[in-house]
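See structure below.
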Amino acid sequence: MKRIAIYPGSFDPITNGHLDILERGLKLFDKIIVAILHNPGKESLFTVEERIHMLKVSLKKIKNVEIDTFAGLLVDYAAKRKSHAILRGMRAVSDFEYEFQLALMNRRLDREIQTVFLMTGLRWIFTSSSIIKEAARFGGNINGMVPPIVNQKLKEKFGFNSNSKHNGSVAP
């Protein structure tokens with residue numbers, strides 16, 4: 001029986017911290033389904049289609065990964081995909097309380113599905129999609145924090161190009 005995990009999130013956008021969790025998760029699971037939550041009530045910077053594209057480009061060299069979207073309860077989606085595990089990354093103690101509450105609720109809804117937490121690598125502990133978007137919005141240098149396709153798409157989204165003052169990087 002294949003060990004399949006669901007790695008859920010908004011991935012708006014995917015960061016190198018997400019990739020770190022995914023690559024390490026593949027040492028524990030035979031296959032990981034990166035599942036983008038489709039939440040029409042939440043405003044996102046990138047459309048679901050844009051996020052799928054950036055994920056496909058970012059993950060093209062990583063085997064045993066599938067990209068999908070879902071709406072509704074995560075445990076229902078996991079059961080539908082024949083997965084018994086939800087993979088979650090945590091950066092700091094501040095993530096713990098929220099993630100713990102989600103894991104307990106998911107366990108209450110379906111006792112067959114387990115949540116597996118991986119601590120983000122130290123080099124990614126300060127990164128989040130929100131912080132990266134904020135830095136990119138003002139032309140901050142996000143090289144090395146996101147895959148190249150994400151860096152490019154953030155520059156396009158915020159109007160930075162080769163003629164821009166910062167071109168997406170902070171002046172020395």
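The values are calculated or read from the model by the stated rules, or taken from the named source; none is laboratory data. This is a predicted model, so every value here is computed, not measured. Because the Cβ atoms are built from the backbone with ideal geometry, glycine has one as well, and the counts that use them run over all protein chains shown.
Taking the condition of a type outside the set (Gly, Ala, Ser) and under 14 Å from the mean Cα position of the chain (by Cα), does residue 120 pass? Yes, satisfied. Consider region 90-143 and keep the residues that are assigned to a strand (DSSP E or B) and touching a residue at least 40 places away in the same chain (Cβ under 8 Å). The one that is nearest to residue 54 (Cα to Cα) is 118.
Counting only residues that are basic (Lys, Arg), closer than 14 Å to residue 15 by Cα and modelled with pLDDT under 95, region 39-94 holds 1 of them. Only a single item in (1) within 23 Å of residue 158 (Cα to Cα); (2) assigned to a helix (DSSP H, G or I); (3) aliphatic (A, V, I, L, M) is not met by residue 45, and it is number (2).
It is to be established whether one or more residues within region 1-11 are among the charged types (D, E, K, R) and either closer than 23 Å to residue 132 by Cβ or surrounded by 14 or more Cβ atoms within 10 Å (Cβ to Cβ) (or both). Give the derivation first.
Looking only at region 1-11, we keep the residues that are among the charged types (D, E, K, R), and these are 2-3.
After this cut, where a residue has to be either closer than 23 Å to residue 132 by Cβ or surrounded by 14 or more Cβ atoms within 10 Å (Cβ to Cβ) (or both) as well, the list is none.
No, region 1-11 contains no residue that is among the charged types (D, E, K, R) and either closer than 23 Å to residue 132 by Cβ or surrounded by 14 or more Cβ atoms within 10 Å (Cβ to Cβ) (or both).
Applying the condition of being of a type in the set (Lys, Arg) and farther than 19 Å from residue 28 by Cβ to region 51-90 and asking which residue is surrounded by the fewest Cβ atoms within 10 Å (Cβ to Cβ) yields 61. When residue 129 is tested against (1) polar (S, T, N, Q); (2) in contact with a strand residue (DSSP E or B) (Cβ under 6 Å, 6 or more places away or on another chain); (3) surrounded by 14 or more Cβ atoms within 10 Å (Cβ to Cβ), only condition (2) is not met.
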